[in-house]
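I am attaching a structure below and will ask some questions about it afterwards.
Since every read-out is calculated from the coordinates, none of them should be taken as a lab result. None of the values given here were measured: they were computed from a predicted structure. Glycine also receives a Cβ, built like all others from the backbone with ideal geometry; neighbour counts cover every protein chain displayed.
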Amino acid sequence: MEYQPDLKNIIGEGGVISHVQPGTIAEELGLQPGDVVQAVNGTRLRDVIDYRFAVADEEIELLVRGSAGEVVFEIEKEPDEDLGIAFTEPLFDRLRTCNNKCPFCFLTQMPKGMRKTLYLKDDDYRLSFLYANFVTLTNLSEADWQRIEQQHLSPLHVSIHATDRALRAVLLGKADVPDVSAQIRRLGAAGISVHTQVVACPGLNDGAALQRTVEDLAALYPTVQSIAVVPVGLTKYRFNRKKPSTIRAAIQVHETPEWIDTNWERQPLWSEQVQGDARQPALDAADFGFCARLGAATDVPLRCYTPDEAARVIDLLLPYSEHYRRDLGLNLVYPSDEFYLLSERDVPPAAFYDDFPQYSNGVGMTRDFLDTWTTARRRLPARLSQPTRVALLCGTMIAPTMQPVVDRLNQIEGLELRLLPVVNQFFGETVTVSGLLLGQDVVPVLRDSGCTHAVLPRVMFDYSGMRTLDEYTPQQLTEESGVAVELAADPDELVEYLRGLAHLDQRRAA
């Protein structure tokens, strides 16, 4: 899950300190959690990036607002010496929100009543640099461009979807999209590299359109360091729980009252004329863009991929990977794991993914899991001292991959491990990944499992690992289900959990 900022900690007046590391300059100064770092050397800080650049100097003046008011600290230090401050949020001024109307936007596919941060349409280039969040580059001012170049914010992670400008207008739901290839060239001229992604929609930007996108992006190597292709994800809440219909209808969801709010930089409605700025001719409705051309492209059904279609996407992309491996020394183009799992194809070996540049985007995670399991299984305990039933929960898509793991674990004497794929009742059965499981779907599965212990995928919890999308903590899951819940991010953590269980049983037996 991408990093999601907490707006209540973005106060617009500096960075709120969350932690002071012992034995550091910050501790010597007496700084405390809750203090606000406002400026360094007289320059107000917009975010943690500004802070890191500013404190690299040997002599700095730190303006801090604490319980006693504003204080300026004069500090002399080594150039690379850290002050020992951690902040509650990386952004100090404000979150850059999204000005697009992507038909597949996941935020418009959720019901009301969830926590506010889940509805934030963020599109902030700083989070792209810091946390590999994907951005579209459609909301950048000239000042933003200059900052990216001056502070060398590399790499950035950019959602492309299509390099054809008119088709990208469809996929972003707005007419005035910039030329993304030109933007990437500008980044390259500044020495900034880019990781790109394409959210593929059946019948819209796959096929010949996807071929053009891949070729256009590959021509921008080495600025473009990777191209990931991931399938569109849809929930049952699309169009207020009605069956998904067209791209046009999906984009118009963004124009309903609940989505036109203070967190959204308003864009013209379809009925309004889209004008260019003073430096460019006005965009003519007959010439360019989806807003004006509500035609065949917008009437394409918005739907998920079938297994056969997923296989065809893989078959389209792999020849490009082989070609770029020969010419560039890396595959460059990577279908996401979902395409392989959906089509029941074997995932490629680790070498295919080079250095796993888009791991957090679900590209290579399955291969990494399998390879890590091959090593981790050597540390499994031989037995438990008393019979123990453990439930292993996951999303439905990864379950077939997990089954051989479960078969091996059930060879441990005294362990009965049950693989329990959880059907996503909340978002709908089309949502099959473990990262979008909710506590309310997990609790009844645990209650009915007949197990005393359970291991849940850590990825279903937030960035800090503390709560699910519907606010369940591990402790709450344990209390409501009556099953002792633990989290595991990978086979290593799963094996360590089982080893700990074996040692606990041995101590009890003694």
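Among rounded, prolate and oblate, which fits the chain when a ≥ b ≥ c are the square roots of the eigenvalues of its C-alpha gyration tensor, a/c under 1.5 means rounded, and a/b larger than b/c means prolate?
oblate
Please list the non-local residues whose amide H lies under 5 Å from the amide H of V135, H modeled 1.01 Å from N, same-chain partners needing a gap of 5 or more.
Placed amide hydrogens put H157, V158, S159 under 5 Å from V135.
Same structure, new question: Under a 5 Å amide H to amide H cut-off, with H placed in plane at 1.01 Å, what residues pair with L392 once short-range neighbours are removed?
Here the answer is R418, L419, L420, V455, since their amide H atoms fall under 5 Å of that of L392.
Please get the size of the charge dipole for the chain, origin at its Cα centre, with Cβ charges of +1 on Lys and Arg and -1 on Asp and Glu, quoted in debye to the nearest 20.
The dipole of the chain has a size of about 1920 debye.
Search the structure for amide H atoms under 5 Å from the amide H of L487, placed 1.01 Å from N in the peptide plane, and list their residues when 5 or more places away or on another chain.
Excluding prolines and chain starts, which carry no amide H, the hits are L456.
So, one more: Is it possible to state the helix-based mean residue ellipticity at 222 nm for the chain, with each DSSP H run of 4+ residues giving -39500 (n - 2.57), the sum divided by total residues, to the nearest 500 deg cm²/dmol? What is it?
Only helices count here, giving -8500 deg cm²/dmol.
OK, next. If you plug each phi of segment 29-35 into the Karplus form 6.51 cos²θ - 1.76 cosθ + 1.60 with θ = phi - 60°, what whole-Hz ³J(HN,Hα) values come out, in order, with x for Gly and Pro?
6, x, 5, 10, x, x, 5
Here is a follow-up. With θ taken as phi - 60° and the coefficients 6.51, -1.76 and 1.60, list the Karplus ³J(HN,Hα) couplings across segment 46-61 in order, rounded to whole Hz; mark glycine and proline as x.
8, 5, 5, 5, 4, 4, 5, 5, 5, 7, 6, 6, 6, 10, 9, 10
Treat every Asp and Glu Cβ in segment 7-87 as -1 and every Lys and Arg Cβ as +1, leave all other atoms uncharged, and give the resulting dipole magnitude about the Cα centre to the nearest 20 debye.
Around 600 debye, computed over segment 7-87.
Express as a percent, rounded to the nearest 5, the fraction of DSSP beta bridges in the chain (both residues included) that run antiparallel.
Rounded to the nearest five, the antiparallel share is 40 percent.
Lysine pairs, Cα distance under 23 Å, 8 or more residues apart or cross-chain: how many in the chain?
Pairs that pass both the separation and distance tests number 18.
Of Q386, L438, H453, which is farthest along the charge dipole of segment 380-499 in the positive direction, counting Lys and Arg as +1 and Asp and Glu as -1 at C-beta?
Most positive-ward Cα: Q386.
Okay, moving on. Set Lys and Arg Cβ to +1 and Asp and Glu Cβ to -1, take the dipole of segment 3-137 about its Cα centre, and tell me which of G15, Y119, Y131 lies farthest positive.
Of the candidates, Y119 comes out farthest on the positive side.
In which sequence would M460, M402 go, from the one with the fewest C-beta neighbours within 10 Å to the one with the most?
Fewest-to-most ranking of M460, M402: M402, M460.
Among H254, H161, which comes first, second and so on when ranked by fewest other beta-carbon atoms within 10 Å?
H254, H161
Once label points are set 7 Å from the Cα along Cα→Cβ at both A208 and A166, what is their separation, rounded to one decimal in nm?
1.2 nm
If the label point is 7 Å along Cα→Cβ of A189, which residues in segment 112-142 have backbone nitrogen under 11 Å from it?
Zone members listed by number: none at all.
Stretched out fully, how many nm does the piece from L130 to K116 gain, at 0.36 nm a residue minus the Cα gap?
2.8 nm
Calculate the spin-label point distance for D315 paired with Q386, positioning each point 7 Å from the Cα along the beta-carbon direction, and give it in nanometres.
Simple spin-label model gives 5.6 nm for this pair.
Another question about this same structure. Using θ = phi - 60° and the Karplus curve 6.51 cos²θ - 1.76 cosθ + 1.60, what whole-Hz ³J(HN,Hα) does each residue of segment 120-129 get, with Gly and Pro shown as x?
Here the 3J(HN,Hα) series is 6, 8, 7, 8, 10, 4, 5, 6, 5, 5 Hz.
Still on this structure, please answer the following. Determine the distance separating the Cα centre of segment 173-218 from the Cα centre of segment 10-78; give it in Å without decimals.
Between the Cα centre of segment 173-218 and that of segment 10-78, the gap is 39 Å.
Related question: For the chain, build the charge dipole from Cβ charges (+1 Lys, Arg; -1 Asp, Glu) around the Cα centre, then report which of V48, T213, G329 sits farthest towards its positive end.
Towards the positive end, the residue furthest out is T213.
Rank the residues M110, M466, M365 as a footprinting-exposure proxy: fewest other Cβ atoms within 10 Å of their Cβ go first.
In increasing order of surrounding Cβ atoms, one gets M466, M110, M365.
Using +1 on the beta carbon of Lys and Arg, -1 on that of Asp and Glu, and nothing else charged, what's the dipole of segment 360-413 about the Cα centre, debye to 20?
The dipole magnitude comes to about 180 debye.
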